[in-house]
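**Q** Sharing a structure below in structure tokens format, with a few things to ask.
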Amino acid sequence: MIRLKNINKSYTMGANKLHVLKGLDINIDEGAFVSIMGSSGSGKSTLLNILGILDDYDEGEYWLGDQLIDKSLSEKQAAFFRNQHIGFVFQSFNLLNFKTAQENVALPLYYQKVPRKERAARALEYLDMVGLADWAGHYPNQMSGGQQQRVAISRALISNPQVILADEPTGALDSKTSHEVMEIFKKVNGQGITTIIVTHEDDIAELTNQVIRLKDGQIEN
Amino acid sequence: MSGLFERDKWQEIFATISKNKLRTFLTALGVFWGIFMLVFLLGMGKGLENGVYKDFGARAKNIMYVWSSRTTLPYKGYKAGRMVPLELADLEILKEKVIELDKIAPRNEIGEHPVVHGIASGDYTIRGELTDMPLIEAFNITSGRYINHSDVADARKVCVIGETVRDVLFGEETAVGSHLTVRGVDFKVVGVYEPGQIKEWTREDMESVVIPLTTMSRAFGTGEYIDYMVCAAKPGYAVAQMEPKIREVLKNLKSIHPDDSSGIGGFNLEEEFQQIQGLFFGIKGFLWFVGIGTLVAGIIGVSNIMLIIVKERTKEIGIRKALGATPNSIISMILTESVFITAISGFLGMALGTFIIGGLSYLLISNNIETENFYNPQVNPIVGITATIILVIAGLLAGLIPALQASKVNPVVALKDE
Ligand SMILES: Nc1ncnc2c1ncn2[C@@H]1O[C@H](COP(=O)(O)OP(=O)(O)OP(=O)(O)O)[C@@H](O)[C@H]1O
Ligand SMILES: [Mg+2]
């Protein structure tokens, strides 16, 4: 499903060059449930952004399915891949505050040109899946962190992606809520969607089937 | 911009706008004010213009007045200081020699004389004329007719009287067909007239009795002299072109030195009119300049605020991009918002400007307020259309830089968790 070959990524800041990812080789099978761990600054988010085609890499190859993702991909194509194949979940939820839960969930479908009515219906369906159908008309600031994250997960799922990428999805939640959220991810993964979660917490990583440990831009173990 | 008319996109934009009211309002304010000022200023300018042009009324503007005055140079054995009156016969010669000349309306006045009808009487100016004065001075013939060619040719004893004369002499009676007496001569009234505008300076028209010049000459022994004549240029010819030729012909005819600045006097109304037109052209140019300036300031304001908005919305744009928004869809979103806000606010500004100008106009008219130099302020529909086009273009321009900025938002940076 996901194949990384010798991925290198550096950030240049003025005269300094920061080599963040140092030749990563990673294979993730379809339907895998993976966590990425590592200390702060080890390059976890950078890796996840590359996987999500939000960022590009300097060297190596990244295959998503049988599509080579590289710089020849136009912005428009990248947008299409993000929209159709990838679902994002962030630590700080990143919901639009001026939209209701339902509208937030429906947004990816807007960029797929799905008709409005159908968008609303499907958004409600996906909210229902995370147990928030009754909260459809609420705005993010009227919801708890756990609820917001569940809305964000619905949003990531609505376009029926092949991969869910979550960057510290439980980082802003207490442990009880964290486990509830992880339950949802587990359910999602159960449907065959490849799920990749970046986390700091061992008990979260334990819930996944495979752990990738990053240290100084390289894979440990 | 393929999807400019997609309902969905508009709903998305409406949702964003209506949920960020203060932001939208602030954006809209500059353009609203700019277009309001433009419409208002131009409307007031039009009022000023109408006010001044109104004094000209419907009268012909391509005319000049010609009269004779005392010479100042000796010529061909004549001494300086000679007075050479104009004569009816001069008209034919002028018509023949000055091709630019269209119509000539001469007038001879023999001062005020008692005019009598039955027991009613009054002192009125007696004028001798030909047929064309109403065309040039824009007289209204309120009943009957003016002097016609047969009246002149046969030197008939007919007259046309001003409204005041009719009022005093005839009251409720029908004037046309009745008779009146001037210096013992009986005249039949064939028409009543009044000036196009009843003003202080047209009062004399109201208080005149007009008879054919030929009749005047025979009945009162005025020879065929005339006091002055009004010469209208043919369409397409400038009075300034005609004026020197008329002077030349008349000077030659009356043996006046070609270099004499006096002898033949003239007043070019067209030139006067053009000067006023020029003045208003300048005023209008200035008002446009001020109005457009205000508008441009408004547009720059919109652009600035849109830039700030884009900054403020970096996170939102990053989220949209992560969810699959293409750069084009982001550009289109910001541009449409910008055009929408400018167009709506501009339209409101235009509406308010038009409303105030219209209201002012209405108040002036309904309260019969006659102000010197101000009349019927108007908003030219062309201004409205131009402004609308300007607004849409302005919206596009104002949104352009912010939109490009927005499309370049890097979602990785925008979504970085602090
Ligand atoms: N846009 C950027 N420009 C420059 N340096 C960056 C940028 N993004 C990340 N870095 C640097 O790259 C390194 C890896 O960052 P990254 O965000 O991938 O770490 P991380 O493992 O996610 O850390 P954390 O656990 O704190 O989230 C860090 O040293 C960071 O400062
Ligand atoms: Mg990180």
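The values are calculated or read from the model by the stated rules, or taken from the named source; none is laboratory data. What you are looking at is a predicted structure, and each value in this text was computed from that prediction instead of being measured. Using ideal geometry, Cβ is built from the backbone for each residue, glycine included, and neighbour counts are taken over all protein chains shown. Note: accessible area is taken over every heavy atom of the protein model, side chains too, but ligands, DNA and RNA are not part of it. Shrake-Rupley method; radii C 1.70, N 1.55, O 1.52, S 1.80 Å.
**Q** If you take just the helices (runs of 4 or more DSSP H) that sit entirely in the stretch B:98-175, which of them hold at least 2 residues that are without any contact (Cβ under 8 Å) to a residue 24 or more places away in the chain?
**A** Output list reads B:149-153.
**Q** Residues being polar (S, T, N, Q) and within 23 Å of B:N380 (Cα to Cα): count how many of those fall in the stretch B:267-315.
**A** 4
**Q** Further question: Of all residues being within 14 Å of chain B (Cβ to nearest Cβ) and more than 15 Å from the chain's Cα centre (by Cα) in the stretch A:173-221, which is farthest from ligand 2 (Cβ to nearest atom)? Just the residue, please.
**A** A:L173
**Q** Identify all residues within the stretch A:100-120 that are charged (D, E, K, R) and touching a Leu at 6+ places or on another chain (Cβ under 7 Å); write none if there are none.
**A** A:R119
**Q** Might you check whether a residue that is open to solvent by less than 70 Å² (accessible area, probe 1.4 Å), under 19 Å from A:A166 (Cα atoms), part of a helix (DSSP H, G or I) and away from ligand 1 (no atom under 11 Å from the Cβ) occurs anywhere in the stretch A:44-53?
**A** For the stretch A:44-53, residues open to solvent by less than 70 Å² (accessible area, probe 1.4 Å), under 19 Å from A:A166 (Cα atoms), part of a helix (DSSP H, G or I) and away from ligand 1 (no atom under 11 Å from the Cβ): present.
**Q** Among the candidates B:G191, B:G128, single out the residue that is modelled with pLDDT of 90 or more and touching a Pro at 6+ places or on another chain (Cβ under 9 Å).
**A** Selected residue: B:G128, the only one of B:G191, B:G128 that is modelled with pLDDT of 90 or more and touching a Pro at 6+ places or on another chain (Cβ under 9 Å).
**Q** Given (1) away from every other protein chain (no Cβ under 14 Å); (2) farther than 30 Å from B:M44 by Cβ; (3) open to solvent by 50 Å² or more (accessible area, probe 1.4 Å), where does B:I344 come up short, assuming only one miss?
**A** Of everything listed in (1) away from every other protein chain (no Cβ under 14 Å); (2) farther than 30 Å from B:M44 by Cβ; (3) open to solvent by 50 Å² or more (accessible area, probe 1.4 Å), B:I344 misses just condition (2).
**Q** Looking at this structure, is A:R119 open to solvent by less than 20 Å² (accessible area, probe 1.4 Å) and farther than 23 Å from A:I196 by Cβ?
**A** Yes.
**Q** Out of the residues in the stretch B:372-417 meeting the condition of being closer than 20 Å to B:G298 by Cα and open to solvent by less than 10 Å² (accessible area, probe 1.4 Å), tell me which one is farthest from ligand 1 (Cβ to nearest atom).
**A** B:A387
**Q** Is it the case that some residue within the stretch A:128-140 is open to solvent by 60 Å² or more (accessible area, probe 1.4 Å), out of contact with any Phe, Trp or Tyr (no Cβ under 9 Å at 6 or more places or on another chain) and under 22 Å from A:S45 (Cβ atoms)?
**A** So far as the stretch A:128-140 goes, no, none of its residues is open to solvent by 60 Å² or more (accessible area, probe 1.4 Å), out of contact with any Phe, Trp or Tyr (no Cβ under 9 Å at 6 or more places or on another chain) and under 22 Å from A:S45 (Cβ atoms).
**Q** I need a count of the residues in the stretch A:114-130 that are outside any helix (DSSP H, G or I) and within 20 Å of the chain's Cα centre (by Cα).
**A** Counting residues in the stretch A:114-130 that are outside any helix (DSSP H, G or I) and within 20 Å of the chain's Cα centre (by Cα) gives 1.
**Q** Are any residues in the stretch A:34-43 near ligand 1 (Cβ under 10 Å from one of its atoms) and among the small types (G, A, S), and if so, which ones?
**A** Residues satisfying the conditions are A:G38, A:S39, A:S40, A:G41, A:S42, A:G43.
**Q** Right, something else. Answer yes or no: is there a residue in the stretch A:59-79 that is touching a Pro at 6+ places or on another chain (Cβ under 7 Å) and crowded, with 22+ Cβ neighbours inside 10 Å.
**A** no
**Q** What pairs can you find where one residue is in the stretch B:1-24 and under 12 Å from B:E337 (Cα atoms), the other is at pLDDT below 75, and their Cβ atoms are less than 6 Å apart, with a gap of 6+ or different chains?
**A** B:K9/B:G3
**Q** Could you check the stretch A:1-43 and list, in sequence order, the residues that are exposed (fewer than 14 other Cβ atoms within 10 Å of the Cβ), within 16 Å of ligand 2 (Cβ to nearest atom) and in a loop (DSSP other than H, G, I, E, B)?
**A** Those that are exposed (fewer than 14 other Cβ atoms within 10 Å of the Cβ), within 16 Å of ligand 2 (Cβ to nearest atom) and in a loop (DSSP other than H, G, I, E, B): A:S39, A:S40, A:G41.
**Q** Looking at the stretch A:165-221, which of its residues are assigned to a helix (DSSP H, G or I), among the small types (G, A, S) and either open to solvent by less than 70 Å² (accessible area, probe 1.4 Å) or touching a Cys at 6+ places or on another chain (Cβ under 9 Å) (or both)?
**A** The answer is A:S178, A:G190, A:A205.
**Q** Continuing with this model, one more query. I'd like to check something: does the stretch A:93-112 contain any residue that is part of a helix (DSSP H, G or I), open to solvent by less than 60 Å² (accessible area, probe 1.4 Å), among the aromatic types (F, W, Y) and away from ligand 1 (no atom under 16 Å from the Cβ)?
**A** yes
**Q** Further, regarding this structure: I need a count of the residues in the stretch B:252-302 that are farther than 28 Å from B:Y228 by Cα, open to solvent by 50 Å² or more (accessible area, probe 1.4 Å) and more than 26 Å from the chain's Cα centre (by Cα).
**A** Residues that pass the stated criteria total 3.
**Q** Name the single residue, out of those in the stretch B:303-331 being polar (S, T, N, Q) and crowded, with 19+ Cβ neighbours inside 10 Å, that is farthest from the other protein chains (Cβ to nearest Cβ).
**A** B:S303
**Q** From the residues in the stretch A:143-161 that are within 14 Å of chain B (Cβ to nearest Cβ) and open to solvent by 10 Å² or more (accessible area, probe 1.4 Å), which one is farthest from ligand 2 (Cβ to nearest atom)?
**A** Here the residue is A:N160.
Here's the yes/no breakdown for (1) of a type in the set (D, E, K, R); (2) free of Cβ contacts under 8 Å to residues at least 12 places away in the same chain; (3) in a helix (DSSP H, G or I):
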site: B:I334; (1), (2), (3): no, no, yes
site: B:F340; (1), (2), (3): no, no, yes
site: B:A343; (1), (2), (3): no, no, yes
site: B:A351; (1), (2), (3): no, yes, yes
site: B:T388; (1), (2), (3): no, no, yes
site: B:V409; (1), (2), (3): no, no, no
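**Q** Quick one: A:I86 ticks every box in (1) away from ligand 1 (no atom under 13 Å from the Cβ); (2) over 23 Å from B:K321 (Cβ atoms) bar one, so which box is it?
**A** A:I86 satisfies all of (1) away from ligand 1 (no atom under 13 Å from the Cβ); (2) over 23 Å from B:K321 (Cβ atoms) except (2).
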